[in-house]
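Working notes, structure below.
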Amino acid sequence: EFILLGLSDTRELQVLLFTTFFLAYVMVLLGNLLIIVTVRTDPKLSSPMYFLLCNLFFIDICCTSVTSPRMLVDLLSQRKAIAFEECIAQLFFLHFVGASEMFLLTVMAYDRYTAICKPLRYTTIMSRRVCWVLVSACWAGGFLHSIVQTLLTVQLPFCGPNTIDSYFCDVPPVVQLACRDIYVTEWLMASNSGLISLVCFLVLVTSYTFILVTIRARFTEGHWKALSTCASHMMVVSLFFVPCIFIYLRPFSTFPSDKHICVICTVFSPVMNPLIYTLRNNEVKASMWKLWKRCR
């Protein structure tokens with residue numbers, strides 16, 4: 001088994017963190033589920049953008065559910081032990097849904113680029129069949145990435161220290177506990193996770209850059225609204241990608257700040273996604289209001 005040190009060993013701070021993260025977890029569950037139900041029940045919200053958003057919110061629920069319940073239990077526990085099999089399972093599912101979200105955010109950026117820069121061909125390019133293929137490819141890519149990371153981890157011998165300075169099992173802190181030289185394994189894992197994070201982020205930045213250039217050339221009110229939307233999207237995307245690039249695109253020498261940086265992408269980013277992607281959207285707010293009146 002492994003011992004998770006968690007975020008703090010101060011009892012008062014643990015109670016405060018438990019309250020904060022419990023409320024954040026509830027907000028993620030209720031907020032994302034509400035938006036998924038709203039989109040699925042309103043025929044007006046049937047465009048590719050909303051289809052992709054539903055998948056994003058489902059992934060957010062999965063992503064935060066991999067780490068948050070265990071973290072909440074450990075914050076109230078004296079001994080934060082986790083079995084080896086449970087640790088590997090958490091590692092696998094975290095990278096599975098995390099990589100799938102990276103790929104999906106990249107697809108969503110391409111969707112926005114197509115809608116703004118090629119509006120006349122948008123429905124042809126982003127047909128429902130194409131959307132299903134792209135989403136399936138995101139899940140398949142996430143699974144492939146995760147199975148590689150997991151296989152590289154489980155083949156390592158663990159016979160020495162078993163203390164993980166984090167609140168969940170992740171590749172960098174776990175592989176450092178191996179009883180042999182992990183130089184090659186480190187670089188294989190960094191080239192996998194780190195490059196995926198960096199390449200997806202660069203594709204996102206490039207996509208939004210093309211959108212910005214298109215908007216500046218047209219100067220219409222609708223396009224300035226699109227610019228505001230893309231700016232908020234880019235802010236949330238950065239909250240997710242920048243910590244991942246910092247943690248995975250380097251040799252796995254764990255810094256004390258790593259576990260606090262991970263809180264951004266595992267807790268706060270899933271909270272921000274429904275707020276940024278939908279509450280700025282009048283169509284979604286109108287559909288929510290109709291759903292509320294129907295359920296009363």
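The values are calculated or read from the model by the stated rules, or taken from the named source; none is laboratory data. Predicted model, so just to flag it, every value in this text is computed and none were measured. Backbone-built Cβ (ideal geometry, glycine too); neighbour counts: all protein chains shown. Areas reflect the complete protein model, heavy atoms only, side chains present, ligands, DNA and RNA absent. Shrake-Rupley method; radii C 1.70, N 1.55, O 1.52, S 1.80 Å.
Structure summary
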{"item": "Percentage, to the nearest whole number, of Cα pairs in region 4-163 over 27 Å apart", "result": "41"}
{"item": "Selected from 160, 98, 194 as most flexible by GNM, with the chain as the system and alpha-carbon contacts under 10 Å", "result": "160"}
{"item": "Solvent-accessible surface (1.4 angstrom probe) belonging to residue 132, in square angstrom, nearest 10", "result": "140"}
{"item": "Angle in degrees between helix 84-117 and the longest Cα principal axis of the chain, rounded to the nearest 10", "result": "20"}
{"item": "Proximal aspartates and glutamates to residue 259, defined as alpha-carbon separation beneath 16 angstrom and excluding residues fewer than eight positions away on the same chain", "result": "9, 74, 165, 170"}
{"item": "All lysines inside 29 Å of residue 118 as judged from Cα atoms, apart from same-chain residues fewer than 8 positions distant", "result": "44, 225, 285"}
{"item": "Solvent exposure, largest accessible area first (probe 1.4 Å, DNA, RNA and ligands not counted), of 1, 85", "result": "85, 1"}
{"item": "Extension gain from residue 148 to residue 83, taking 0.36 nm per residue of separation minus the Cα-Cα distance", "result": "21.3 nm"}
{"item": "Principal-axis tilt of helix 282-295 within the chain, Cα atoms, nearest 10 degrees", "result": "80"}
{"item": "For the chain, accessible area per residue (1.4 Å probe, heavy atoms of protein chains only), Å²", "result": "48"}
{"item": "Spin-label pair residue 9/residue 30, simplified geometry with 7 Å Cα→Cβ offset, distance in nm", "result": "3.6"}
{"item": "Between 0 and 90°, nearest 10: helix 183-218 axis offset from the chain longest Cα axis", "result": "20"}
{"item": "Residue-averaged 222 nm ellipticity for the chain, from DSSP H runs of 4+ at -39500 (n - 2.57), nearest 500", "result": "-26000 deg cm²/dmol"}
